[in-house]
Amino acid sequence: MNTHPDRTRFLRRSLQLDGIASGLCGLLLLAAAAPVSALMGLTDSSIARVVGALLMGYAAALLYNGARATVSRAEAVAAVALNAGWVIGSALVILAGPLTLIGNLAVAAVAAAVLLFAVLEVVGLTRVRGMAG
């Protein structure tokens with residue numbers, strides 16, 4: 001019987017939650033690129049399609065890492081870095097001002113969720129690091 005707690009569980013669940021949310025957002029952007037783009041103030045829906053496709057790939061990588069027998073620490077750190085990049089990029093898009101008010105609010109809401117995922121993943125990585133030391 002294994003009496004040791006699984007210190008990777010929090011990181012696994014954080015990666016999986018991020019993967020599910022990213023996949024759902026990607027699916028939404030792919031399935032409804034034109035209406036989402038119009039609502040946000042984008043004249044070309046190809047941006048939404050590209051972001052949606054990238055999110056689907058990102059989601060698959062997160063879900064794969066979260067389901068592995070041994071979670072890749074390097075891939076989890078990469079997820080944190082990519083999430084931080086998303087938050088910074090979102091701020092730059094909002095500051096640049098090409099979106100509608102609804103578009104800005106949507107980008108800000110998604111950025112807040114992405115920031116939360118990054119924080120959860122950092123906490124998970126810290127717990128895993130505690131295993132080694």
(request) Using only Cα positions of the chain, each an equal point scatterer, no hydration layer, compute I(q)/I(0) via Debye at q = 0.10, 0.14, 0.22 Å⁻¹ and quote the log10 values to two decimals. (result) -0.37, -0.65, -1.26
(request) Kindly give the semi-axes, whole Å and largest first, of the ellipsoid equivalent to segment 17-91, taking each as the square root of 5 times a Cα gyration tensor eigenvalue. (result) 26, 14, 8
(request) Take the solvent-accessible surface of the protein heavy atoms, probe 1.4 Å, and return the percent of it on the chain that carbon and sulfur atoms account for. (result) 73
(message) Quick check: the angle from helix 101-132's long axis to the longest principal axis of the chain, C-alpha only, nearest 10 degrees?
(response) 10
(request) Quick one: check the C-alpha center-to-center distance for segment 59-133 versus segment 6-38, whole angstrom. (result) 10
(request) Round to the nearest 10 and give me the degree value, 0 to 90, for the angle of helix 9-31's Cα axis relative to the longest principal axis of the chain. (result) 20
(request) Quick one: net charge around residue 17, please, counting Lys, Arg +1 and Asp, Glu -1 for every other residue with C-beta under 14 Å from its C-beta. (result) +1
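So with the 1.4 Å probe, I'd like the accessible area per residue for the chain, rounded to whole Å². Let's see the in-between values first.
Values: 7860 Å² over 133 residues.
For the chain, the per-residue accessible area is 59 Å².
The values are calculated or read from the model by the stated rules, or taken from the named source; none is laboratory data. The structure presented is a predicted model; accordingly, all values stated were derived computationally and were not measured. As a convention, Cβ positions derive from the backbone with ideal geometry for all residues, glycine included, and neighbour counts pool all protein chains shown. Note: areas computed on protein heavy atoms with side chains; ligands, DNA, RNA excluded. Shrake-Rupley method; radii C 1.70, N 1.55, O 1.52, S 1.80 Å.
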